[in-house]
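What follows is a single structure, written as structure tokens, with notes after it.
Bear in mind that the values in this text are calculations on the coordinates, not laboratory data. Because the structure is predicted, anything quoted here is derived from the model rather than measured. Backbone-built Cβ (ideal geometry, glycine too); neighbour counts: all protein chains shown.
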Amino acid sequence: MASGIAVLVCAGRLLYLRQRPLNGAAALVLGLPAVGFAVATVTAADPAAALPGLVRYLQVFVLVPAAVCLLLKDAHGFRIVAGALVVLALVQGAVGVEQYVTGTGASYMGEEIRAVGTFGPSDIMGMATVVAYGLLAAAACALRTPRTAPAWLRPCAAVLAVGLIVPLTLSFSRGVWLATAAALLVAL
């Protein structure tokens with residue numbers, strides 16, 4: 001719902017201000033996946049059954065990224081979103097670690113130890129993805145802290161990034177581990 005509200009706010013703002021904020025390159029980057037998803041839906045064995053997938057992929061890969069880019073005005077806004085992402089990762093990670101310790105997580109190799117956070121056993125990748133994003137945001141802040149940031153921010157961000165490795169590990173999601181490691185190498 002939050003992503004839908006963000007898209008609607010962005011669309012309303014653009015219509016009210018009568019702006020065309022995307023240049024040709026940005027429109028192409030966002031338009032190509034949209035065209036690809038539409039073609040995949042039309043050519044599916046059952047296009048009607050594929051329609052919910054089209055809507056979901058457009059939401060995740062086109063509409064929400066465009067709305068976030070258009071709604072963030074400056075680096076300060078970006079830092080607020082990144083900080084919120086780190087806080088969300090910490091909360092999900094804490095719930096996941098508690099699940100592992102108490103044996104109340106999702107099933108993994110016959111035991112209820114897989115850390116899934118508040119996402120539950122039906123979405124075992126949810127917590128791992130959120131924690132990975134938070135880890136990457138904290139690591140980026142630790143690697144390049146803003147000049148105007150307080151002195152404590154860099155070491156705090158580094159500690160948080162290292163701390164988020166624990167719930168990421170307890171998610172037992174090797175794909176997320178590999179993707180996070182690759183993203184950290186790119187950041188470095």
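Under the Karplus relation 6.51 cos²θ - 1.76 cosθ + 1.60, θ = phi - 60°, what is the ordered set of whole-Hz ³J(HN,Hα) values for the range 44-56, x standing for Gly and Pro?
5, 4, 10, x, 5, 6, 7, 4, x, x, 4, 4, 5
Once Lys and Arg get +1 and Asp and Glu get -1 on their Cβ, which of Val97, Val116, Leu153 lies farthest toward the positive end of the dipole of the range 75-187?
Farthest along the dipole direction, towards plus: Leu153.
For an R0 of 30 angstrom, estimate the FRET efficiency from the Cβ-Cβ distance between Val87 and Ala27 and round to the nearest 0.05. Could you put the intermediate results ahead of the total?
Details: r = 33 Å, r/R0 = 1.10.
Step by step, r from the Cβ atoms, then E = 0.35.
What is the distance in Å between the Cα centres of the range 147-176 and the range 33-73?
The range 147-176 and the range 33-73 have Cα centres spaced 31 Å from each other.
Using +1 on the beta carbon of Lys and Arg, -1 on that of Asp and Glu, and nothing else charged, what's the dipole of the range 31-188 about the Cα centre, debye to 20?
620
Using only Cα atoms, figure out Rg for the chain and give it as a multiple of 2.2 N^0.38 Å.
1.19
Classify the range 66-163 as rounded, prolate or oblate from the Cα gyration tensor: take a ≥ b ≥ c as the square roots of its eigenvalues, call it rounded if a/c is under 1.5, otherwise prolate when a/b beats b/c and oblate if not.
The shape class here is oblate.
State the extension gain, in nm to one decimal, for the chain segment bounded by Asp123 and Val101, taking 0.36 nm per residue of separation less the distance between their alpha-carbons.
Computed gain between Asp123 and Val101 is 6.0 nm.
In deg cm²/dmol and to the nearest 500, what is the mean residue ellipticity at 222 nm of the chain if only DSSP H runs of at least 4 residues count, each as -39500 (n - 2.57), divided by the residue total?
One gets -23000 deg cm²/dmol as the mean residue ellipticity at 222 nm.
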